[in-house]
Amino acid sequence: MFDIMHKGLKKALKSCDQAEFFGERNNILSIDLEREEVKKVKHVKSTGIGVRVVVSNKIGFSYTTALEESKIDECIAHAIEQARASEEDPNFAGFPVSSKRGYKKQEKNFDNRILDLLEGGSEDAIGYCKEMLTGIKEAEPVCQPTEGSFAAAHDEIYILNSEGIEASDAGTYVSAGLMVVATEDGGEEISGSEGKVSRTLGDIDFAWIGREAVKIAVGSLGGKRLQTKEIPVVFSPKAVQSLLDYTLIPQLSAENVQRKQSPYHDKKGQEIASEIITIVDDGTMPLGVNSRMMDGEGIPAQATRLVENGVLKDFMYDSYTASKDGRESTGNAIRSYTDLPAPGATNFIVNGSSKASKEEIIGEIREGLFINDVIGAHTASRTSGDFSVVAQNASGIKEGDLFPVKQVMITGNMQEVLKQVEMVGTDTRQIYNVVSPSILVSKLQVVS
């Protein structure tokens, strides 16, 4: 890949001031389940290169999936043409230069068993799907699976620019999930789902996914209505991820802060959360789903302390937003070969100084609500932080005991929620880009 990119860079620099090439190779095997049958098996290998150029401080971008020399030439020409037609950007300070920090190889982000799985075809992958279904049959009562998925992937990224950056990295991934339906005697049907994503096959207990999906669905049967009122709410790690992905994470992106589309644009150094809360975005976390040696621009990955003991300390930067604020990038440029880089989360870690097990937290609540997940988080306002979501597979809490509830919504504001966190659990897990335990919020409006 680097041979192609070096040739392209040499040609591009004949007609532009700076150039950057971002290459990507993906090998993905995916399986979709419908009930207990394999619905679709898909094995895709893809390669692409994105080209970004600068002409008189004007930026152009193009990409191609064809790596023949003539196609690369066309891609370069298109990017240069686009740059010349663009307006000059006074905030652009050039592509990043090679870092003195160097690159540190990430731990536990590669599994040769996944490479063997990708080479060996779909039979072994189907076997992992069967393990999930076995987990359903091991549970009591037995539920009916409705849909499921399995995916294994190996990806490689390559970054080369005219300012001295030349770096590459590779990683493996595996994900699996299952949805089931539990049926009550009266005919009520309730769904439940569970899943996991990891860098290694050995980190996933596929039968557990099936058993846990059944546990969630069965535990939601016979739901009662709650009164509309403010009560303490415990969010599971899944619910935390669903909410943060559409509120706090984009709010801490330097791009949104600079556009004043974040409520935190003038809050640095101020207390924005409960004093027990610390948040770190760590692109170097061992086994982190999004850990890398470098970000999408070749900046070495790092851990960035965003919130410390409730105080806002920093934002997530790529090189462009960093140059606007006269500082260094935090290594948070997220991209693919089809997109320009933008600030985003890697492994967004929520931690707390006041901890207890989830069971201990629930056991201390006289009246409250436990939420396994939420529906509708995408409708939350990134600018204001307001949200109104449906509580999925929720349980009421009465004197420390759980009972199923139905037709429950919660409304609130994420800035206020963060300030009202009283305790965090010890059940930390990574759900996509968020690493979080369960969290207890002192009060939240519950609507029945």
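The numbers here are math on the coordinates, done by the rules we state, and not lab data. Since we're looking at a predicted model, the values are computed, not measured. Glycine gets a Cβ as well: all are built from the backbone with ideal geometry, and neighbour counts include every protein chain shown.
I'm checking my understanding of the structure. Among residues of region 16-72 that are in a loop (DSSP other than H, G, I, E, B) and of a type in the set (Asp, Glu), which one is farthest from residue 88 (Cα to Cα)? Here the residue is 36. Close Cβ contacts (under 6 Å, 6 or more residues apart or on different chains) running from residues in region 92-112 that are farther than 30 Å from residue 324 by Cβ to residues that are of a type in the set (A, V, I, L, M) and assigned to a loop (DSSP other than H, G, I, E, B) comprise 108/287.
Look through region 170-190, keep the residues that are crowded, with 18+ Cβ neighbours inside 10 Å and of a type outside the set (A, V, I, L, M), and return whichever of them is farthest from residue 112 (Cα to Cα). Residue satisfying both the conditions and the ranking: 177.
Within region 110-169, being surrounded by 15 or more Cβ atoms within 10 Å (Cβ to Cβ), hydroxyl-bearing (Ser, Thr, Tyr) and not in a loop (DSSP other than H, G, I, E, B) holds for 128, 146, 149, 158, 168. Restricting region 1-36 to residues that are farther than 20 Å from residue 117 by Cα and among the acidic types (Asp, Glu) leaves a set whose member that is surrounded by the fewest Cβ atoms within 10 Å (Cβ to Cβ) is 3.
Among residues that are on the phi > 0 side of the Ramachandran plot and either in contact with a strand residue (DSSP E or B) (Cβ under 7 Å, 6 or more places away or on another chain) or of a type in the set (Lys, Arg) (or both), residue 210 is not included. One residue stands out among those in region 176-199 that are outside any loop (DSSP other than H, G, I, E, B) and either in contact with a Lys or Arg (Cβ under 7 Å, 6 or more places away or on another chain) or of a type in the set (A, V, I, L, M, F, W, C) (or both): the one that is nearest to residue 301 (Cα to Cα), which is 197.
Against the test of being of a type in the set (A, V, I, L, M) and farther than 24 Å from residue 357 by Cα, the options 417, 389, 405, 421 yield a single qualifying residue, 389.
In the set 336, 323, 353, 329, only one residue is in contact (Cβ under 8 Å) with a residue 24 or more places away in the chain, over 18 Å from residue 244 (Cα atoms) and touching a Ser or Thr at 6+ places or on another chain (Cβ under 6 Å); that residue is 329. Of all the listed residues (102, 60), the sole one being surrounded by 14 or more Cβ atoms within 10 Å (Cβ to Cβ) and small (Gly, Ala, Ser) is 60.
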